[in-house]
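The values are calculated or read from the model by the stated rules, or taken from the named source; none is laboratory data. None of these values were measured; they are calculated from a predicted model. Backbone-built Cβ (ideal geometry, glycine too); neighbour counts: all protein chains shown.
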Amino acid sequence: MAHLFGRDYTKAELLRLVGDMSQLAAVRRAELTEGNERGAGLIEVSNASGLSFSVLPGRALDIAAATYRGRSLCFRSATGDVGPAFFESVGYGWMRSFFGGLLISCGMTFVGHPETDPEEEGEELGLHGRLSAIPAREVSAGGDWLGDEYRLRIAGTMREAVALGTTLELRREITTTLGERRISIHDCVENLGGLRSPLMLVYHTNPGFPLLDEGTRFLVNSRLSTEWLQDRPVDAAVYERARAPEPAAGDDVFVHRPVPDANGNVTVALINDRLAFGLQWRMPAAELPLVTQWQHFAAAGYVTGVEPGNCSPLGRAWNRTHNFLEYLEPGATREFHLEITVLDGAADVAAAERRVANLA
């Protein structure tokens, strides 16, 4: 049943109240036509729960903008939703099409700062790989009833391929249910080539103001957290609370190894206590064993990254050294699941704190 406006509704009850389900939940296709956003496409999703977001079929079905009851859930950069034709794959060119957003996908064969891997390609690999600029094929988008639940679904396929070489295909499904404040992402990667391939996948989510503000807390139950420059352990006092924007802030990066609950799932959260508002990320630890936290607290570039992955975004060498570099054999598949949920109110925040601590 859909929980809306303080009560539960069956399918039959809702269909008596509306002329079309788009009155309550909708998926709409559109096209971005101006400037360097041409080719990104647009799928707009609205939910009477208050959750709205936009998906870019020309950019790996990544989630560009996202709001809850008028509040942005993510940082939006000055680049706009750059279309794939304008993507720069060399060096740090990735940043010229980094729109921020609720989700930008990193991978599939490489994640990290530009690096040359002598054990694999032997050529420079650009920042965070090519996945985010691969247009989706076989895209479908719409809503369907499943009993008394109305579910919105977007699906498509991205292929990262080199002639006579690596061929990885990612099949993505994004869903949300009427009345809920949760986005579910299910990815399946298959090696369609004849050679084994490195498989590096990081979900680069990018919360911003008003969720991110001075004092906003990042919660993770980590067995080990390390900083990126000296790879030394740190405690929560170093990374837990956000600072106010600063004129010339640099980057801080922390790699967390979260402790799963009894069901094998990991929960992390970002909470603004003043607003009693937050986001929660939930994922199977066996699929996404690391959560990397990026802090960039600069004026006009005020953003933090919460980045679940099967690896860290610190490159091949770091992940190989720490036994997080995964390979996918020909014909093999790997599945990944991630849920992102809006926390609204003190009760939601308290429940998330218990889940992070594996107490619920």
> Is it the case that ARG153 is crowded, with 20+ Cβ neighbours inside 10 Å, at pLDDT 95 or above and basic (Lys, Arg)?
Replying inline: no
> Would you say ASN319 is touching a residue at least 12 places away in the same chain (Cβ under 8 Å) and touching an Asp or Glu at 6+ places or on another chain (Cβ under 6 Å)?
Replying inline: no
>> Which numbered condition in (1) over 21 Å from PRO308 (Cα atoms); (2) surrounded by 20 or more Cβ atoms within 10 Å (Cβ to Cβ) is the only one that ALA133 fails?
In response: (1)
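List the strands (runs of 3 or more DSSP E) that sit entirely inside the range 144-260 and contain at least 3 residues that are more than 30 Å from ARG59 (Cβ to Cβ) and in contact with a Phe, Trp or Tyr (Cβ under 9 Å, 6 or more places away or on another chain).
Values: elements: 149-161, 167-177, 182-191, 197-199, 202-204, 217-219, 222-227, 251-258.
Counting at least 3 such residues, we get 222-227.
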>> Every residue in the range 95-132 that is among the hydrophobic types (A, V, I, L, M, F, W, C) and either more than 16 Å from GLU37 (Cα to Cα) or touching a Pro at 6+ places or on another chain (Cβ under 9 Å) (or both), please.
In response: LEU102, LEU103, CYS106, MET108, PHE110, VAL111, LEU125, LEU127, LEU131
> Since GLY331 meets every condition but one in (1) at negative phi; (2) surrounded by fewer than 21 Cβ atoms within 10 Å (Cβ to Cβ), which condition does it not meet?
Replying inline: (1)
>> Can you go through ALA357, ALA351 and tell me which one is among the small types (Gly, Ala, Ser) and either modelled with pLDDT under 95 or closer than 19 Å to GLY264 by Cβ (or both)?
In response: ALA357
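Filter the range 1-45 down to the residues that are among the acidic types (Asp, Glu) and not in a loop (DSSP other than H, G, I, E, B) and list them by number.
Within the range 1-45, the first condition is being among the acidic types (Asp, Glu), and the residues that meet it are 8, 13, 20, 31, 34, 37, 44.
Scanning the range 1-45 gives ASP8, GLU13, GLU37, GLU44.
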> Scanning the range 88-127 for residues that are part of a strand (DSSP E or B) and charged (D, E, K, R), which turns out surrounded by the fewest Cβ atoms within 10 Å (Cβ to Cβ)?
Replying inline: GLU124
>> Any residue at all in the range 265-277 that's out of contact with any Leu (no Cβ under 9 Å at 6 or more places or on another chain) and under 28 Å from ASN323 (Cβ atoms)?
In response: yes
> Here are LEU275, LEU288: which of them is at pLDDT 95 or above, outside any strand (DSSP E or B) and more than 14 Å from the chain's Cα centre (by Cα)?
Replying inline: LEU275
>> Out of the residues in the range 131-182 meeting the condition of being touching a helix residue (DSSP H, G or I) at 6+ places or on another chain (Cβ under 9 Å) and of a type in the set (Asp, Glu), tell me which one is farthest from ALA2 (Cα to Cα).
In response: GLU160
>> When the residues of the range 323-349 are narrowed to those that are touching a residue at least 60 places away in the same chain (Cβ under 8 Å) and in a loop (DSSP other than H, G, I, E, B), which ends up farthest from GLU287 (Cα to Cα)?
In response: GLY345
